[in-house]
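The structure appears below as structure tokens.
Readers should treat all values here as calculations from the given coordinates under stated rules, not as data from a laboratory. This structure is a prediction, so every number in the text was calculated from the model and none was measured. Every residue, glycine as well, gets a Cβ built from its backbone with ideal geometry; the counts of neighbours run over all protein chains shown.
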């Protein structure tokens with residue numbers, strides 16, 4: 001029996017990869033999963049700028065939290081427990097779900113400008129009790145913290161422009177993901193700042209009522 005000769009490769013010294021030097025050079029992705037209060041399970045695909053994490057680890061960038069992007073494509077777990085990749089819902093069901101959710105999104109901006117209890121009441125009404133809120137710097141807040149912060153009157157929105165909306169409908173019209181870009185000018189504790197962020201809101205319909213279960217944003221430009 002003829003024996004097959006193995007190819008031999010010359011050993012070479014390993015060359016370490018060059019370290020990233022600026023944002024957007026390295027991106028990473030991972031799946032996370034959770035369960036809503038009503039028992040509905042979901043999975044999200046999370047993208048983050050891994051460059052900033054590397055820069056922090058090597059001391060090039062210090063003092064700033066790693067920013068995360070949570071633009072999500074949901075993987076819905078159907079009632080009998082089998083997971084399947086989410087497919088967008090089209091037609092009448094999809095159009096009706098888009099219309100209903102965008103009414104909340106359009107109602108939100110005037111209330112943002114009013115601020116105070118008016119906007120706090122909006123949050124209290126439309127956000128699920130276990131809503132996931134991710135700030136532009138990667139930090140998180142609870143619904144109670146968000147509502148209390150606006151109700152206190154310590155923050156005042158001077159201008160708000162939300163545009164470039166994209167709407168995706170899943171699970172037979174029961175899950176809607178809205179992405180958009182928002183530019184805001186607000187005053188907090190006497191300091192005025194202008195921010196541009198990319199946002200993603202995930203809405204779920206439970207017992208005929210729409211609730212926002214995720215509000216995530218990542219900073220594009222801050223001044």
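Using a simple spin-label model with points 7 Å from Cα along the Cα→Cβ vector, what separation in nm is obtained for residue 18 and residue 5?
3.9
Give me the one-decimal nm value for the distance between modelled label points at residue 103 and residue 159, 7 Å along each residue's Cα-to-Cβ direction.
It is 3.1 nm.
Would you calculate the separation in nanometres between label points at residue 117 and residue 130, each defined as 7 Å from the Cα along the Cα-to-beta-carbon direction?
So the two model labels end up 3.1 nm from each other.
At a 10 Å Cβ-Cβ cut-off, how would you order 125, 156, 3, 212, fewest neighbours first?
By the 10 Å Cβ count, ascending: 3, 125, 156, 212.
Taking R0 as 30 Å, what FRET efficiency do you get between residue 87 and residue 137 from their Cβ-Cβ distance, rounded to the nearest 0.05?
Details: r = 34 Å, r/R0 = 1.12.
It comes to 0.35.
Beta carbons within 10 angstrom, averaged per residue: use that to sort the peptides 177-183, 202-208, 214-220, highest first.
214-220, 177-183, 202-208
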